[in-house]
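Enquirer: Can you keep this structure in mind? I'll have questions shortly.
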Amino acid sequence: MSVQSNASPDLPIGASPPRPAAAARRTYLWSVRRELWENRSIWIAPLVVVGVILVGFAFSLVGFVARFQHTQTLPLPKQAAAHAEIYDFATLAVILASMVVAVFYCLGALQGERRDRSILFWKSLPVSDLTTVLAKATIPLVVIPAVAYLLVIALRLVMLVVGAAVLAANGVDPAPLWPAVTPVTTPVLLLYAMATISLWYAPIYAWLLLVSAWARRMAFLWAFGPPFVLLLFDRIAFHGLLFHPLLKYRLTGGVEAAFTPQSHTPMSLADVDPLRFLASPGLWFGLIFAAGFLAAAVWLRRRRAPD
């Protein structure tokens, strides 16, 4: 008489089946990788922006030595600000480009799979709607900021090395560039900035994912149309005193909460104020709204039929 084994035939003899938590983690990571495979613009678009910046920087090297020597005649604080201006502009351009990529990704993340009916295939797999939505939310909240962070660090390093080499080749001491660019503290400062940006804008990305899960067509219009109507109504009825301050606070309040500028010199670690940021009511109310929007997106994905 034979005894039937309860072990899975796909597992080696003596191996225990994976724990539910480990299996859920692997499924989640696999879902994130799937988003990276299907959405190459996540890294291609910021990389194109970096390429454009480097080409522009190469053209700016004409007359770079003369401009550098001119800044040496300015007061010391203004010297650092003048040297850091082009590096800060490049950093801001990459971050803004990454945020634009995140917006368009969110708008198409859940609508696109219904439109091309690939949702029928993905729902046939043992992947829950919660895991899918969380994986999609990870892209604008974690992956895209991480890509932007690495590109900015590499970009600033290349610009610093090239600028220093041009100055040295013309017999000019490039040492004043280092305090302005702060190659030692910049990675820490930028990491903090990217983390605070992701947390502060989480409700916006979650709202866009919710619209993507709900809208059958024109997700961009449905995402930005209602806020525009509210702002227009506020402007006419309340002279911009109701919704305009709320929108401005959501768009710019994160920087004011995360940093306390000490001077007009390039930002440093002395300007970082994480306790103030974590104590900000806007952060926690935003995260609560983000959780609600994502929960609604999960509910809609579970019930929405392909378009």
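Enquirer: For the stretch 64-108, name all the residues that are buried (at least 17 other Cβ atoms within 10 Å of the Cβ), of a type in the set (Val, Ile, Thr) and within 16 Å of residue 160 (Cα to Cα).
Expert: 86, 91
Enquirer: Within the stretch 183-214, which residues are more than 19 Å from residue 285 (Cα to Cα), in contact with a Leu (Cβ under 8 Å, 6 or more places away or on another chain) and small (Gly, Ala, Ser)?
Expert: Within the stretch 183-214, 212, 213 qualify.
Enquirer: Hey, among 169, 175, 195, which residue is of a type in the set (A, V, I, L, M, F, W, C) and surrounded by 14 or more Cβ atoms within 10 Å (Cβ to Cβ)?
Expert: 195
Enquirer: Only one of (1) in a helix (DSSP H, G or I); (2) under 30 Å from residue 66 (Cα atoms); (3) touching a residue at least 12 places away in the same chain (Cβ under 8 Å) fails for residue 168. Which number is that?
Expert: (3) is the only condition that residue 168 fails.
Table: residues versus (1) over 19 Å from residue 32 (Cβ atoms); (2) basic (Lys, Arg); (3) within 21 Å of the chain's Cα centre (by Cα).
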| residue | (1), (2), (3) |
| --- | --- |
| 86 | yes, no, no |
| 95 | yes, no, yes |
| 117 | yes, yes, no |
| 136 | no, yes, yes |
| 139 | no, no, yes |
| 143 | no, no, yes |
| 149 | no, no, yes |
| 152 | yes, no, yes |
| 157 | yes, no, yes |
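Enquirer: Please name all residue pairs, on different chains or six or more residues apart, with Cβ atoms under 8 Å, provided the first residue is in the stretch 108-126 and is farther than 20 Å from residue 210 by Cβ and the second residue is in a helix (DSSP H, G or I) and hydroxyl-bearing (Ser, Thr, Tyr).
Expert: Matching pairs, first to second residue: 126/27.
Enquirer: Also, I was wondering about something else. Could you pull out the residue among 205, 149, 192 that is part of a helix (DSSP H, G or I), over 30 Å from residue 70 (Cβ atoms) and touching a strand residue (DSSP E or B) at 6+ places or on another chain (Cβ under 7 Å)?
Expert: Just a single option satisfies the conditions, and that option is 192.
Enquirer: Out of all the residues in the stretch 198-207, is one or more exposed (fewer than 15 other Cβ atoms within 10 Å of the Cβ) and in contact (Cβ under 8 Å) with a residue 24 or more places away in the chain?
Expert: No: the stretch 198-207 contains no residue that is exposed (fewer than 15 other Cβ atoms within 10 Å of the Cβ) and in contact (Cβ under 8 Å) with a residue 24 or more places away in the chain.
Read-outs: derived from the displayed coordinates by stated rules, not from any lab. All values reported here derive from a predicted model rather than from experimental measurement. Cβ sites come from the backbone with ideal geometry, for glycine too, and all protein chains shown count toward neighbours.
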